[in-house]
Amino acid sequence: MRGRWARLARIDPQLLCPVKHRSAKAQADLTVIRARAGLVRARTAFVNTARGLAKSYGERLRGCNVRNMNPEKAEGLSPELQTALQPLLAGIESLSERIREFADALSVHLRALRRARHFLPVY
């Protein structure tokens, strides 16, 4: 079966639908989306690590939205745990700021896509 398709492709390459690459702009847009997704994954890992460390110490971080997690959320914890979690929580805050910057950049792209009637939701 595979040999037949190969022979057909040699006769008429259009039969196997040649690959169409993305435009440079589309590739750049996709790169922005993937970079933001990487930051979100990193932030999730940081948050899970901070919560896990606090829990293993017998304490809990105050409940909050991940977007609003910052070093002030560790105020109710023991001093030793605060010291350990401070850099991690500062990293979460920094990642959240970068994610917001990406969201602003993506909103410009999404408005352009909506005008072109090609709406793709970003989760």
Worksheet item: Under 28 Å Cα-Cα from K73, which lysines qualify once same-chain neighbours fewer than 8 residues away are excluded?
Response: K55
Worksheet item: Between S78 and D104, what is the FRET efficiency for a Förster distance of 41 Å, r being their Cβ-Cβ separation, to the nearest 0.05?
Response: 0.65
Fill in: Alpha carbon convex hull of region 27-115, projected area averaged over orientations, nm²
6.1
Discussion item. Highest mean first, how do 90-99, 54-63, 73-82 rank when packing is the count of other Cβ atoms within 10 Å averaged over residues?
Written reply: 90-99, 73-82, 54-63
Practice prompt. Would you list which aspartates and glutamates come within 20 Å of K25, measuring only between C-alpha atoms, while excluding same-chain residues fewer than 8 positions from it?
Written response: E101, D104
Response to the item:
For the N65, Q27 Cβ pair and Förster radius 25 Å, calculated FRET efficiency rounded to 0.05 is 0.15
Worksheet item: In whole angstrom, how far apart do the alpha carbon centroids of region 82-113 and region 48-74 sit?
Response: 17
Practice prompt. Using the Cα centre as the reference, give the magnitude of the dipole from point charges on the C-beta atoms of region 27-115 (Lys, Arg: +1; Asp, Glu: -1; all else neutral), rounded to the nearest 20 debye.
Written response: 520
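Throughout, read-outs are computed from the coordinates displayed, never taken from laboratory work. Computed from a predicted model, the values in this text were never measured in an experiment. Heads up, the Cβs are rebuilt from the backbone with ideal geometry, glycines too, and the neighbour counts pull from every protein chain shown.
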